[in-house]
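Engineer: Dumping the structure here so I can ask a few things about it.
The values are calculated or read from the model by the stated rules, or taken from the named source; none is laboratory data. Please read all numbers here as calculations on a predicted model, not as lab measurements. Here the Cβ positions follow ideal geometry from the backbone for every residue, glycine too, while neighbour counts run over all protein chains shown. Calculation scope for accessible area: heavy atoms of the full protein, side chains included, ligands and nucleic acids excluded. Shrake-Rupley method; radii C 1.70, N 1.55, O 1.52, S 1.80 Å.
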Amino acid sequence: MLFDKEGNIDKYEARDIIESVVQEGDIGLFSWHMNPTSFELTEHISGHEFPKMHSLPDFLDKYVFPKDQEIAFQDLNNYLDGTKKMYQSTFRILDNNDNIKWVFCRGALTHNNKLSGIIY
């Protein structure tokens, strides 16, 4: 059961649901800890195995289609400088078979200086 009698989410059940959705669908999750810098990405959209990256900008630089990089970085910078209230960006990536795929990325900062979100 996802919720207990008090309406609280069972964190283990929620984790199982999230892992299942990420494994089976064209969806991914990311978490960028800005201080200290670390980046985690779980997705099956691109088919890539991601080497250790340190930030969301590293991901944008390495995997976003070159013609979309400028707007992808601008969307991130607009969020980080406070121009936008939510980080969101639409861009193309090349999958591991050199097919172009459009993705939508959306996230927000948490209280501990971590930008977390979803990519689909």
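Engineer: Report whether or not Leu29 is open to solvent by less than 60 Å² (accessible area, probe 1.4 Å), in contact (Cβ under 8 Å) with a residue 24 or more places away in the chain and either under 23 Å from Arg15 (Cα atoms) or assigned to a loop (DSSP other than H, G, I, E, B) (or both). Explain how you work it out, then say what you get.
Structural biologist: On the way: open to solvent by less than 60 Å² (accessible area, probe 1.4 Å): no; in contact (Cβ under 8 Å) with a residue 24 or more places away in the chain: yes; either under 23 Å from Arg15 (Cα atoms) or assigned to a loop (DSSP other than H, G, I, E, B) (or both): yes.
No, not satisfied.
Engineer: Whether any residue in the range 72-88 is in a strand (DSSP E or B) and in contact with an Asp or Glu (Cβ under 8 Å, 6 or more places away or on another chain) is what I want to check.
Structural biologist: yes
Engineer: Residue check: is Gly47 in a strand (DSSP E or B), among the small types (Gly, Ala, Ser) and at pLDDT below 95?
Structural biologist: no
Engineer: Just checking, which of Leu109, Leu56, Leu115 is closer than 20 Å to Asp26 by Cα, modelled with pLDDT under 95 and not hydroxyl-bearing (Ser, Thr, Tyr)?
Structural biologist: After ruling out the rest, the residue left standing is Leu56.
Engineer: Oh, and also: What pairs come out if I take residues in the range 74-97 that are within 20 Å of Lys114 (Cβ to Cβ) and pair them with residues that are open to solvent by 70 Å² or more (accessible area, probe 1.4 Å) whose C-beta lies under 6 Å away, six or more apart or interchain?
Structural biologist: Final answer for the pair search is Asn78/Lys84; Gln88/Arg106.
Engineer: Continuing with this model, one more query. Identify the residue in the range 89-120 that is within 16 Å of Pro57 (Cβ to Cβ) and of a type in the set (S, T, N, Q) and, among all such residues, is least open to solvent (accessible area, probe 1.4 Å).
Structural biologist: The residue in question is Ser89.
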